[in-house]
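One structure is given here, and the rest of the page talks about it.
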Amino acid sequence: MRSLGIIGTNWITQQFIEAAEETESFKLTHVYSRTEEKAQEFVDKMNKSGINLSDDINKFLASDDFDTVYIASPNALHFAQARLAIENGKNVVLEKPSTSNVREFSILDTLAHAKGVYVFEAARQIHEPIFKTVQNYVDNNRDSLSGATLSYVKYSSRYDAFLAGNLPNIFNPKFSGGALYDLGVYPVYDAVVLFGAPNSVDYEPEILSSGIDGSGSITLKYDKFDVNILIGKTKNSYMPSEIYFGKKTLLMDSAGDINRVTEANEEKKLTEIPTNKSDNPMDSETIEFARIMNEKDTKAYEKLFDYAKKVNRVLEQARTSAGLVFEADKEE
Ligand SMILES: NC(=O)c1ccc[n+]([C@@H]2O[C@H](COP(=O)([O-])OP(=O)(O)OC[C@H]3O[C@@H](n4cnc5c(N)ncnc54)[C@H](OP(=O)(O)O)[C@@H]3O)[C@@H](O)[C@H]2O)c1
């Protein structure tokens, strides 16, 4: 088992650690938080003892009791924290979206290669068996592939606070928030992994008073078809996502958290495609990240890194098309 340090003490970190330990991929050894009290609270909540705690990020990343750091902080902090981690020779699992823009991504790319460390983007859904089922279906029917509509629209647990006049990180341009850089990452990943990088990207967002996108629609243009994506954090949609193959359609109950995949054949008959779904959606990614590092599977690593790079570029292209600027862009 590899050793793990963590940055960010919200529920997603707990879920990642549970997956990492259940799958015997990583063992938590060190928790960083901005305050030691919060770090202690986090390990207490997880019923853990013997874990090192830090409130100084430099000392944390310089320590030698872990080789991989999982970063689940607000989006805009990913770049500086990952850069510091890489400089300290750590492998990095970076929550989605990896960075705020292409400039940051390419700096991490260069640095990680120079230091010989791994940088993974935690795009959990593409590692799940149910996504592989979709991927196999697309590969087997690629000749008739004729487009897709992908939807991931969920009312944010933080939207009520926003409406009440607060500014949660995810609705704040200072932290590279918004629907595109949160839920939008999932359908963009679906498209990039299943269909490759698009020829062009256009995003029509609904802008909130904080200046970020609360919801919107993205069009990805490919040589022979379009992919239409609906995203949002200000409402709930129950619309399925669909991939079209002429008269046949593949339906997924979600573009980001797929639980059910169904085929509609030429006679419009629906047949559910059997597949596996793990209780913890992060299980598969923890297994794969550890496997790649343990086996030094460069080919698999480069493929994942290339997906992350393409997704990062599509997100920036979408933002540019909509005139959405983050504070992170102004650093250039
Ligand atoms: N893969 C998934 O399914 C999934 C699900 C949810 C979120 N995510 C990703 O995980 C990341 C974190 O999301 P989140 O909703 O948990 O974010 P968040 O609640 O805003 O912040 C996460 C953690 O970062 C630290 N933090 C918060 N504000 C900070 C600030 N102003 N300066 C420095 N540190 C700060 C806090 O840890 P301390 O107080 O301990 O320092 C906090 O627990 C995002 O990139 C998000 O996209 C992924």
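Assorted remarks:
- Qualifying residue in segment 301-308 (condition: touching a Leu at 6+ places or on another chain (Cβ under 9 Å) and either open to solvent by 30 Å² or more (accessible area, probe 1.4 Å) or in a helix (DSSP H, G or I) (or both)): yes
- Residue pairs meeting the criteria (Cβ under 9 Å; at least 6 apart or on separate chains; first in the same structural domain as ASN166 (by TED's automatic domain parsing) and under 11 Å from LEU180 (Cβ atoms), in segment 202-213; second among the charged types (D, E, K, R) and surrounded by fewer than 15 Cβ atoms within 10 Å (Cβ to Cβ)): ASP213/GLU206
- Residue in segment 124-137 that is closer than 25 Å to THR320 by Cβ, open to solvent by 20 Å² or more (accessible area, probe 1.4 Å) and out of contact with any helix residue (DSSP H, G or I) (no Cβ under 7 Å at 6 or more places or on another chain) present: no
- Within segment 261-311, tally of residues that are closer than 18 Å to LEU194 by Cβ, among the basic types (Lys, Arg) and free of Cβ contacts under 8 Å to residues at least 40 places away in the same chain: 1
- When segment 80-106 is limited to residues that are part of a helix (DSSP H, G or I) and open to solvent by less than 20 Å² (accessible area, probe 1.4 Å), the one that is nearest to ALA308 (Cα to Cα) turns out to be PHE105.
- Residues (part of a helix (DSSP H, G or I) and within 11 Å of the ligand (Cβ to nearest atom)) located in segment 159-184: ASN169, ILE170, PHE171, LYS174, PHE175
- Close pairs (6 angstrom Cβ cut-off, 6 or more residues apart or separate chains): more than 13 Å from the ligand (Cβ to nearest atom) in segment 1-16, of a type in the set (S, T, N, Q) anywhere: ARG2/THR68; SER3/THR29; LEU4/THR68
The values are calculated or read from the model by the stated rules, or taken from the named source; none is laboratory data. Since the structure is predicted, the reported quantities are computational estimates derived from the model, not experimental observations. When we count neighbours, we look across all protein chains shown, and the Cβ atoms used for this are built from the backbone with ideal geometry, even at glycine. Protein only, heavy atoms only, side chains kept; ligands, DNA and RNA dropped before computing areas. Shrake-Rupley method; radii C 1.70, N 1.55, O 1.52, S 1.80 Å.
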